[in-house]
Amino acid sequence: MIYLDNNATTPLDLRVFAEMQKDLCAIPYNPSSVTFFGRKAKTMLIDAKRTIASYLRVLPHELYFTSGATEANYWLSKGFFEKRKKKIIITSMIEHPSVRRPLESLGAHIHNLPIQEDGSVSTSALASYLQTNSHDVCFIFLSVANSETGAILNYEECADIAQKYNVPLILDAVQTLGKMELKIHPGISAMSFSAHKVHGPKGVGLVFLKHGKTIAPLFLGGYQQEGMRAGTENLAGILGFAKAIELIDRNDLITMQNHISFIEERLKIANKEMKIHGGKNRIANTSNVYFPNTSGENLLIMLEQKGVIISLGSACASGSLQPSTALLAMGLSREEASNSLRISLSRMTTKEEVEKAVSIIEKHVCQ
């Protein structure tokens, strides 16, 4: 099988698995224990946190581990809302369900920013709205990179704007690690990440909470993670996450960009009516394509039968027969949104796999 659905999840790197086995053994490691094994576990956890903090260029005490990005996004939404108690939340219609659904559950007024033709959120609209409403805004919650189109938010400009009006900016950064250069701007209050999007294990996520920012704890129990996120830490997952971060290489990003360019150029030749969603400013590994007069669902099934795995959109939205809300928000018709395919690579995707997959797709989309 040729796997090209890496925005849903990535294969676990065997070097990550080897690192996780330090905890997946008979030794009773618990970072909260004061025993010899507990102290050793604590040391491993601290070292892992330092590795991740060094990569992100933040302080170790600004990081909190969760069971995944869904938990991280829920915690940040609820935590900031409970602390600030203001009535307006700014977001957009192209956000992942793990952002949208928690926001919709809070009972606040949600202001959706308009989406530009390239699939990114309008930063000018953000500035305009805050100019007259900043005193009532609880926080802004947006994604750095859209999971379906790969379109990148001008997050540094958003951070400048948020900082100017003293409004917390929360960013879902799940699709960024290993796919783009990322800089944590001083105007960013919090971010969420997920290990399994970067060849790490499932079941472990990360919250960056800027020093000086306060939110309500996720839930109460023990005093792990400074009492902010109770429960024994998933040490194996955390070790794996740190190793996955350690293995990120900028050269892989360049390789993925070259592979995506090759795919798009070849498919444009095969079908001149093909459309690429998301503009030019996208993460390195993603292409969302539409072939007129071609059923996306039929093409998806055919490709799987031929040994190529791609998707119709976000894995967390699968099971729904409704077209992508992200693509609809960009102004696409329901037919276009329903029949657009997402191709997403990883650093493990080979040139040979890309060439073979393109050849198979070409045979079914040629005019």
Practice task
Examine the stretch 309-327 for a residue that is of a type in the set (A, V, I, L, M), modelled with pLDDT of 90 or more and closer than 24 Å to residue 1 by Cβ, and state whether such a residue exists.
Solution key: yes
Practice task
Look at the stretch 104-152 and say how many of its residues are assigned to a helix (DSSP H, G or I), farther than 13 Å from residue 91 by Cα and in contact with a strand residue (DSSP E or B) (Cβ under 7 Å, 6 or more places away or on another chain).
Solution key: 2
Problem - Which numbered condition residue 266 misses (of (1) among the basic types (Lys, Arg); (2) in a helix (DSSP H, G or I); (3) within 21 Å of the chain's Cα centre (by Cα)) - result: (3)
Exercise for the section: Would you point out the residue of the stretch 136-194, among those that are among the β-branched types (Val, Ile, Thr) and over 25 Å from residue 324 (Cβ atoms), that is surrounded by the fewest Cβ atoms within 10 Å (Cβ to Cβ)? Expected result: 184
Practice task
Go through the stretch 219-263 and give me each residue that's modelled with pLDDT of 95 or more, touching a Gly at 6+ places or on another chain (Cβ under 7 Å) and part of a loop (DSSP other than H, G, I, E, B).
Solution key: 234, 248
Practice task
List the number of the failed condition for residue 295; all other conditions in (1) modelled with pLDDT of 95 or more; (2) of a type in the set (Gly, Ala, Ser); (3) over 18 Å from the mean Cα position of the chain (by Cα); (4) not assigned by TED's automatic domain parsing to the domain that holds residue 48 hold.
Solution key: (1)
Handout entry: Filtered residues of the stretch 50-83 (kept if in contact with a Leu (Cβ under 7 Å, 6 or more places away or on another chain), within 24 Å of residue 7 (Cα to Cα) and part of a helix (DSSP H, G or I))
Key = 52, 53, 72, 75, 77
Completion exercise
Within the stretch 72-86, residues modelled with pLDDT of 95 or more and surrounded by fewer than 21 Cβ atoms within 10 Å (Cβ to Cβ) come out as 74, 78
Practice task
Assess whether residue 92 counts as being touching a strand residue (DSSP E or B) at 6+ places or on another chain (Cβ under 9 Å) and under 27 Å from residue 114 (Cβ atoms).
Solution key: yes
Problem - Matching residues, the stretch 87-99, being touching a residue at least 60 places away in the same chain (Cβ under 8 Å) and either surrounded by fewer than 20 Cβ atoms within 10 Å (Cβ to Cβ) or charged (D, E, K, R) (or both) - result: 93, 95, 97
Practice task
Kindly establish whether residue 16 is out of contact with any His (no Cβ under 8 Å at 6 or more places or on another chain) and among the β-branched types (Val, Ile, Thr).
Solution key: no
Completion exercise
Going through the stretch 45-81 in order, the residues found to be β-branched (Val, Ile, Thr) and either more than 19 Å from the chain's Cα centre (by Cα) or on the phi > 0 side of the Ramachandran plot (or both) are 46, 51
Exercise for the section: Restrict the check to the stretch 170-181 and report whether at least one residue is part of a strand (DSSP E or B), in contact with a Phe, Trp or Tyr (Cβ under 8 Å, 6 or more places away or on another chain) and more than 23 Å from residue 239 (Cα to Cα). Expected result: yes
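The values are calculated or read from the model by the stated rules, or taken from the named source; none is laboratory data. On a predicted model such as this, the values are computed, not experimentally measured, just so you know. With ideal geometry, Cβ positions are generated from the backbone for all residues, glycine too; neighbour counts draw on all protein chains shown.
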